[in-house]
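The values are calculated or read from the model by the stated rules, or taken from the named source; none is laboratory data. Just so you know, these numbers come straight off a predicted model, no measurement behind them. Backbone-built Cβ (ideal geometry, glycine too); neighbour counts: all protein chains shown.
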């Protein structure tokens with residue numbers, strides 16, 4: 001199971017749960033929210049490991065909804081794909097504050113080239129819980145699309161995750 005950093009989910013300690021987990025000596029104890037999210041992240045990482053075919057937009061949504069669960073800072077991520085939409089890598093590129101993250105197109109392009117990606121899915125969360133993209137999100141997406149296009153890498157979508165909601169730039173016709 002991927003260990004969760006203490007600072008990743010500070011509010012989760014106050015959440016109670018009825019799930020039980022076994023400790024190293026085999027005794028049952030109440031699972032903390034941190035335990036549950038840590039286990040969920042480990043499962044999702046296994047399900048969407050490099051070499052996994054990303055068969056549909058819904059599969060990407062399922063992955064990202066768990067990936068961003070409980071995050072209290074904005075995180076910008078990229079799912080890197082080959083020509084058959086098989087995952088060649090997933091990376092969190094930038095972390096920010098509760099309402100912003102600095103994104104550098106040069107680093108996005110370098111990462112896509114390092115993975116030899118054919119196409120990418122861009123994603124970030126809005127810790128506020130609102131999945132509505134801002135004007136800055138739209139401007140940034142266009143800058144990244146143009147930068148990646150210069151090296152023949154397609155942006156298939158940019159997904160904004162806010163709480164249980166998700167907004168797709170492609171579905172809105174913005175890509």
Go through 155, 161, 108, 120 for me and flag whichever is part of a strand (DSSP E or B), surrounded by 13 or more Cβ atoms within 10 Å (Cβ to Cβ) and more than 13 Å from the chain's Cα centre (by Cα).
-> 155
If we keep only residues of segment 71-103 that are closer than 18 Å to residue 132 by Cα and touching a helix residue (DSSP H, G or I) at 6+ places or on another chain (Cβ under 9 Å), then the residue modelled with the lowest pLDDT is 100
Can you tell me which residue within segment 50-70, out of those that are buried (at least 17 other Cβ atoms within 10 Å of the Cβ), over 13 Å from residue 162 (Cα atoms) and touching a helix residue (DSSP H, G or I) at 6+ places or on another chain (Cβ under 9 Å), is modelled with the lowest pLDDT?
-> 54
If the Cβ limit is 6 Å and pairs must be 6+ apart or interchain, which residue in segment 147-175 that is assigned by TED's automatic domain parsing to the domain that holds residue 72 pairs with which residue that is part of a strand (DSSP E or B) and surrounded by fewer than 13 Cβ atoms within 10 Å (Cβ to Cβ)?
-> none
